[in-house]
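In what follows, a structure is listed as structure tokens, so that the remarks can point back to it.
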Amino acid sequence: MRGRPPVLATRRFAAPVRERLASSFALVHHDDDAPMPRDQLLRAIDGMQGVMLTPADRVDDALLDAAGSRLEVVATISVGLDHIDVPATQRRGIRIAYTPDVLNRATAELAIAAMLAVLRRVAEGDRLIRTGRPWRLAPEFMLGRSASGLRFGCVGYGRIGRVAAHLACALGMEVVHCGRTFTGRPGEIRFDELIATSDVISIHVPLTPETRHLIGSDVLARMKPEAVLVNTSRGAVVDEQALAAAVRDGIIGGAALDVFEHEPEVEPGLLGLENVVLVPHLGSATRETRTAMGMMCVDALEAVLLGRGDATNFVTAAGS
Ligand code: DGY
């Protein structure tokens with residue numbers, strides 16, 4: 001009888017996920033909330049047939065070389081693939097599994113929560129109370145803006161963007177959207193028009209060479225002076241320094257960021273701005289969602305390495 005295939009898990013995953021990994025595979029587990037140091041990862045992956053990892057683990061030629069020829073499947077607990085050199089991995093015949101769809105609602109909810117936190121000054125109010133500054137209810141005290149009636153511009157109208165648009169609609173917002181190409185669907189407008197006319201601009205695009213710094217100083221300058229930028233996609237889609245300057249100088253009204261270009265570092269210019277809400281990459285961070293994402297990874301590992309089940313969450317072509 002063949003032994004259980006060796007699998008490396010690079011992070012502490014939800015308990016049911018860990019248990020399933022341990023029962024199906026000869027598991028090497030970095031049972032920690034912090035990422036594996038790169039040199040440790042390169043050593044630990046040697047001889048593995050499968051690896052389950054997170055967006056903090058870069059999958060490139062160096063890692064694939066270190067893994068050796070036995071590696072058959074890389075399962076990432078993310079829908080984003082920007083940390084994986086997809087062509088290099090696929091060229092070696094290694095399958096890539098990821099976790100689309102299951103996180104749509106959680107991520108869209110977070111985008112809406114962060115948007116409301118800016119519009120209604122929730123984080124700012126929380127800070128005010130905690131610093132012990134005196135306050136009292138007054139007709140003109142800390143007035144924000146109601147989401148209802150505002151235009152919600154969704155940049156990227158894929159799986160998560162569509163759910164965010166649906167939630168925005170339920171708040172009474174007028175939803176417009178744009179995608180990679182113009183298809184004329186209801187509510188679709190061109191990127192330039194969306195940028196110039198939206199009160200809230202919510203980013204839902206993957207990070208690719210085309211979308212890196214998509215939102216830079218030129219685009220920010222064309223937004224409405226009260227516009228709020230929401231980013232729950234990938235940090236590098238936004239030029240953080242340009243954003244900090246735009247908010248500081250009143251070019252736009254505020255921002256809500258769940259993701260950062262150099263996570264966990266945050267552009268220092270953003271830290272002192274009251275009308276910026278900063279969230280530590282919590283888009284998919286609900287117990288149910290993270291467990292479901294983990295289980296999808298195990299499904300894929302079992303399908304490839306044990307011929308078990310009917311997982312379909314594999315990347316079929318670069319980025320899809
Ligand atoms: C993703 O799925 O890409 C998220 O950013 C990780 O939770």
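The values are calculated or read from the model by the stated rules, or taken from the named source; none is laboratory data. Remember, it's a predicted structure, so these values are computed and weren't measured experimentally. Cβ sites come from the backbone with ideal geometry, for glycine too, and all protein chains shown count toward neighbours. Quick note on the areas: whole protein, heavy atoms, side chains included, nothing else; ligands and nucleic acids left out. Shrake-Rupley method; radii C 1.70, N 1.55, O 1.52, S 1.80 Å.
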Among what's in the range 260-284 and is under 19 Å from R234 (Cβ atoms) and exposed (fewer than 14 other Cβ atoms within 10 Å of the Cβ), pick the residue that is nearest to the ligand (Cβ to nearest atom).
P280
Got a number for residues in the range 265-294 being in a helix (DSSP H, G or I), out of contact with any strand residue (DSSP E or B) (no Cβ under 9 Å at 6 or more places or on another chain) and closer than 25 Å to L207 by Cβ?
6
Residue check: is R130 in contact with a Phe, Trp or Tyr (Cβ under 8 Å, 6 or more places away or on another chain) and either more than 16 Å from the ligand (Cβ to nearest atom) or open to solvent by 30 Å² or more (accessible area, probe 1.4 Å) (or both)?
no
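Residues checked against (1) buried (at least 17 other Cβ atoms within 10 Å of the Cβ); (2) part of a helix (DSSP H, G or I); (3) within 11 Å of the ligand (Cβ to nearest atom):
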| position | (1), (2), (3) |
| --- | --- |
| D57 | yes, no, no |
| A62 | no, yes, no |
| L71 | yes, no, no |
| V74 | yes, no, no |
| A88 | no, yes, no |
| R105 | yes, yes, no |
| E109 | yes, yes, no |
| I112 | yes, yes, no |
| E124 | yes, yes, no |
Would you tally the residues in the range 25-40 being crowded, with 21+ Cβ neighbours inside 10 Å and without any contact (Cβ under 8 Å) to a residue 40 or more places away in the chain?
1
Of the residues in the range 28-49, how many are part of a loop (DSSP other than H, G, I, E, B) and either outside the structural domain of A62 (by TED's automatic domain parsing) or of a type in the set (A, V, I, L, M, F, W, C) (or both)?
4
What's the number of the only condition in (1) within 13 Å of the ligand (Cβ to nearest atom); (2) on the phi > 0 side of the Ramachandran plot that G250 fails to meet?
(1)
Of the numbered conditions (1) touching an Asp or Glu at 6+ places or on another chain (Cβ under 9 Å); (2) open to solvent by 10 Å² or more (accessible area, probe 1.4 Å); (3) within 13 Å of the ligand (Cβ to nearest atom); (4) not hydroxyl-bearing (S, T, Y), D101 fails exactly one; give the number of that condition.
(1)
Could you look through the range 39-60, keep only residues that are among the charged types (D, E, K, R) and closer than 19 Å to V86 by Cα, and pick out the one that is farthest from the chain's Cα centre (by Cα)?
D60
Residues that are closer than 30 Å to D65 by Cα and of a type in the set (G, A, S), drawn from the range 80-124
G80, A88, G93, A97
If you check I84 against the conditions, is it within 16 Å of the ligand (Cβ to nearest atom), under 22 Å from N313 (Cβ atoms) and crowded, with 17+ Cβ neighbours inside 10 Å?
yes
